[in-house]
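This report concerns only the one structure given below.
The values are calculated or read from the model by the stated rules, or taken from the named source; none is laboratory data. A quick note: this is a predicted structure, and the numbers were derived from the prediction, not measured. Neighbour counts are summed over all protein chains in view; Cβ atoms, including those assigned to glycine, are modelled from backbone coordinates with ideal geometry.
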Amino acid sequence: MKHIVLILSSIGMLYPLLWLVSSSFKPDTAIFSDFSLIPEAFSFANYVNGWTALRTSFTTFFTNSFFIAALAVIGNLMACSLTAFAFARLEFPLKKLWFTLMLATLMIPYHVTLIPQYILFLNIGWVNTILPLVLPKFLATDAFFVFLMVQFFRGIPRELDEAARMDGCGPWRIYWRIMLPLSVPVMATAAIFSFMWTYDDFLGPLIYLNDINQYTVPLALRTFVDSTGVSAWGQLFAMSTLSLLPVFFFFLFFQRLIIRGVATSAMKR
């Protein structure tokens, strides 16, 4: 009985996604009149027309999204791992206070700091560039990744640090030669989540990007919806289906690393 309930619940949750994919092969006139998951006739016209429907093709939008997401991943891995190493292995004044303040930022909604950040970036001329979306990642602003890595680093035996110091290694070489090679699961987890969150982000690019040539995929999908009610639903669903593929394959290929990294970090003290 439990399995039947779970199967029915899974079907209920997957139906909207399956309907989205099915509707991407239907003409606009049949999308909201036919709710079946199997189209009467498969047509790739929505994919062909949707790819070049806007002034800029989706090649540019996907390139922008992947470029911003890649820089975000690099920035988070570099900055957050260094910050986590400092909290986990080094001693400095007010260490516990700074760590507490870092954790407190997890409870601050993004919308609270949005206006001050926008004013700051506007005054220095960074609006309508990707810098506001990328540069904060190189300053360890994602406290979740710092906390995740701190928990993992604390589980690595300190005897390794002591042995490295006896061999003449300083903090930087300990971080580079010992901590990073042993931290592949948590680094992979941070990279995957960073990519997914940045790639799917809509609000940040909406606030800072004004030029259509700099749009990311979520912003480009929004342009298919007309405020007057005349929308290219078939093309929108087709491009939405394509936009899901990178995240789907990322999770499919690296789900074991995600589970391993999160589970391992959660068991650290």
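The rows are residues; the columns are (1) assigned to a helix (DSSP H, G or I); (2) free of Cβ contacts under 8 Å to residues at least 60 places away in the same chain; (3) within 24 Å of ILE108 (Cα to Cα).
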residue: PHE145; (1), (2), (3): yes, no, yes
residue: CYS169; (1), (2), (3): no, yes, no
residue: TRP176; (1), (2), (3): yes, yes, no
residue: PRO185; (1), (2), (3): yes, no, no
residue: THR189; (1), (2), (3): yes, no, yes
So the helices (runs of 4 or more DSSP H) completely within region 1-107 holding 3 or more residues that are not assigned by TED's automatic domain parsing to the domain that holds THR141 are 2-23, 28-31, 45-51
Within region 82-115, restricting to residues that are touching a residue at least 60 places away in the same chain (Cβ under 8 Å) and over 16 Å from ARG154 (Cβ atoms), the one that is surrounded by the most Cβ atoms within 10 Å (Cβ to Cβ) is LEU114
In the set THR113, THR83, the lone residue that is closer than 18 Å to PRO205 by Cβ and over 19 Å from the mean Cα position of the chain (by Cα) is THR113
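Per-residue answers, yes or no, for (1) of a type in the set (Asp, Glu); (2) modelled with pLDDT of 90 or more; (3) surrounded by fewer than 17 Cβ atoms within 10 Å (Cβ to Cβ):
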| residue | (1), (2), (3) |
| --- | --- |
| PHE153 | no, yes, no |
| ARG158 | no, no, yes |
| ASP167 | yes, no, yes |
| TRP172 | no, yes, yes |
| PRO185 | no, no, no |
| PHE195 | no, yes, no |
Filter region 118-134 for residues that are in a helix (DSSP H, G or I) and surrounded by 16 or more Cβ atoms within 10 Å (Cβ to Cβ); the one that is farthest from the chain's Cα centre (by Cα) is PHE121
Filter region 55-70 for residues that are of a type in the set (A, V, I, L, M) and surrounded by 18 or more Cβ atoms within 10 Å (Cβ to Cβ); the one that is nearest to LEU244 (Cα to Cα) is ALA69
Of the residues in region 26-54, those that are out of contact with any Leu (no Cβ under 9 Å at 6 or more places or on another chain), surrounded by 13 or more Cβ atoms within 10 Å (Cβ to Cβ), in contact (Cβ under 8 Å) with a residue 24 or more places away in the chain and not aliphatic (A, V, I, L, M) number 4
